[in-house]
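As structure tokens, the structure follows; a few thoughts come after it.
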Amino acid sequence: YVLKKGLPSFDYVVQWVGRLLRNTGLKVLVADDSPSSLEIIRRMLGMQGLNVQVAHNGREALAALQAQPDIKLVLVDYNMPLVDGFEFVMEARRMMGKERLAIIGISGEDHSDISARFLKHGANDFISKPYSFEEMTCRVNQNLEMLELMDNLHHLANVDELTGLYNRRFFFEQGYLRHQQAHRQGHPVVVAMLDIDHFKSINDQYGHAHGDKVIRHVASCLLKHFPDTLVARIGGEEFAMLCDQQALPAMRDRLETFREALPRHSSEDAPAGVPISISIGVHGGHHPEMNALLRAADKRLYEAKANGRNRLEG
Ligand code: GH3
Ligand code: MG
Ligand code: MG
Ligand code: MG
């Protein structure tokens with residue numbers, strides 16, 4: 001190889017090592033009924049640092065995907081017993097969209113429409129047998145990179161940069177879905193609105209950077225104490241929560257305990273010597289509309305402020 005093509009460039013080696021490091025441990029699944037073909041791909045992918053799972057037909061592959069939802073990429077043969085490649089792709093796409101799973105169809109058959117049909121059924125790409133190591137590597141890495149890009153975009157779109165909490169957009173989108181599901185199943189939903197008290201004067205007195213630290217501190221305390229709850233930063237120093245696991249009285253007690261203990265909570269960003277408090281409005285029940293719950297909680301928050309702050313209403 002080296003004699004034919006010369007030494008690989010330094011940049012190429014750096015890129016290759018970087019790819020290897022990022023691939024390490026990523027789970028991929030290979031489904032093929034031919035043991036020799038399966039073994040060739042398994043080795044090629046193993047050399048990429050990937051964690052390779054194998055299946056011998058489409059049905060086994062679907063079972064593997066169900067049992068291991070952390071599989072990122074599937075290479076699937078067209079002609080297999082029980083469930084063939086096309087049937088696998090259709091079924092797999094019902095479980096996982098293209099933002100979570102990449103599928104590459106493979107086939108040794110000489111029908112020109114196989115690749116198009118794979119793509120139409122929902123595959124991302126196609127490789128024909130016999131494989132060249134280079135093409136296999138490029139296509140696998142390309143598809144893994146696309147998933148990474150999508151992950152990054154998803155993160156940018158849904159996560160608040162300052163705190164790492166979900167943002168307003170995600171709260172309303174995900175909250176709506178959770179609320180609908182809970183409502184269908186007859187479970188109550190509790191919504192809370194939280195706002196840091198006199199935050200303007202914290203900014204004025206200690207500076208904006210310190211204000212940011214205070215916001216981060218409250219955010220990480222919320223995350224720590226409400227792991228079962230959708231928590232988001234929906235405005236400057238305002239947070240919203242949605243819980244579909246507990247009814248109003250229990251959630252109210254937890255929030256009240258949290259509020260009362262806030263001066264004693266610690267985090268990496270705990271502000272030394274600066275007293276902070278929060279006001280909370282909470283509401284819950286079996287409303288068909290999430291927005292009705294949010295409006296009610298917001299109204300309670302307004303009352304908590306009007307009634308002197310550092311308190312919960314609801
Ligand atoms: P109240 O007790 O009534 O809530 O009083 P407050 O001062 O907290 O209320 P208000 O909502 O009027 O003030 C919020 C301030 O938060 C205004 C804005 O300058 C500041 N703020 C908004 N976003 C950020 C941010 O990301 N970082 C910092 N440091 N300040 C922010
Ligand atoms: Mg086959
Ligand atoms: Mg405030
Ligand atoms: Mg505010």
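Structure data summary
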{"quantity": "Viscosity 0.692 mPa s, temperature 37 °C, Stokes-Einstein D of the chain from Kirkwood C-alpha radius, µm²/s", "calculated": "142 µm²/s"}
{"quantity": "Whole-number Å³ per residue for the convex hull built on Cα positions in the range 231-309", "calculated": "117 Å³"}
{"quantity": "Difference of contour (0.36 nm per residue) and Cα-Cα distance, PHE133 to GLU173", "calculated": "10.1 nm"}
{"quantity": "Estimated distance in nm for a label pair at GLN181 and SER201, the labels positioned 7 Å out from Cα along Cα-to-Cβ", "calculated": "4.3 nm"}
{"quantity": "Ordering of 300-310, 203-213 by burial proxy (mean other Cβ atoms within 10 Å per residue, highest first)", "calculated": "300-310, 203-213"}
{"quantity": "Under 14 Å between alpha carbons - lysine pairs in the chain that sit 8 or more apart or on different chains", "calculated": "4"}
{"quantity": "All-pairs Cα distance distribution in the range 18-64, expressed in whole percent, bin size 5 Å", "calculated": "5, 24, 28, 21, 14, 7, 1"}
{"quantity": "Packing-based ranking, highest mean first, of 161-172, 228-239 given that Cβ atoms within 10 Å are counted", "calculated": "228-239, 161-172"}
{"quantity": "Quotient of Cα Rg and 2.2 N^0.38 Å for the range 60-117, N being how many residues it contains", "calculated": "1.11"}
{"quantity": "Normalised per residue, the volume of the convex hull around the Cα set of the range 1-92 (Å³)", "calculated": "108 Å³"}
{"quantity": "Computed Kirkwood radius, in angstrom, where 1/r is averaged over Cα pairs of the range 180-275", "calculated": "14.4 Å"}
{"quantity": "Computed label-point distance, nm, for sites GLU87 and GLU109 using a 7 Å Cα→Cβ extension", "calculated": "1.3 nm"}
{"quantity": "Dimensions in Å of the range 1-157 - Rg and Dmax from alpha carbons", "calculated": "15.7, 48"}
{"quantity": "Label-point gap, in nm, between HIS208 and ALA116 - each point 7 angstrom along Cα→Cβ", "calculated": "5.7 nm"}
{"quantity": "Residues of the range 274-304 with amide N under 12 Å of a point placed 7 Å along Cα→Cβ from ASP228", "calculated": "none"}
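Read-outs throughout are calculated quantities, based only on the coordinates presented, and are distinct from any laboratory measurement. Just so you know, these numbers come straight off a predicted model, no measurement behind them. Note: ideal-geometry Cβ built from the backbone for every residue, glycine included; neighbour counts use all protein chains shown.
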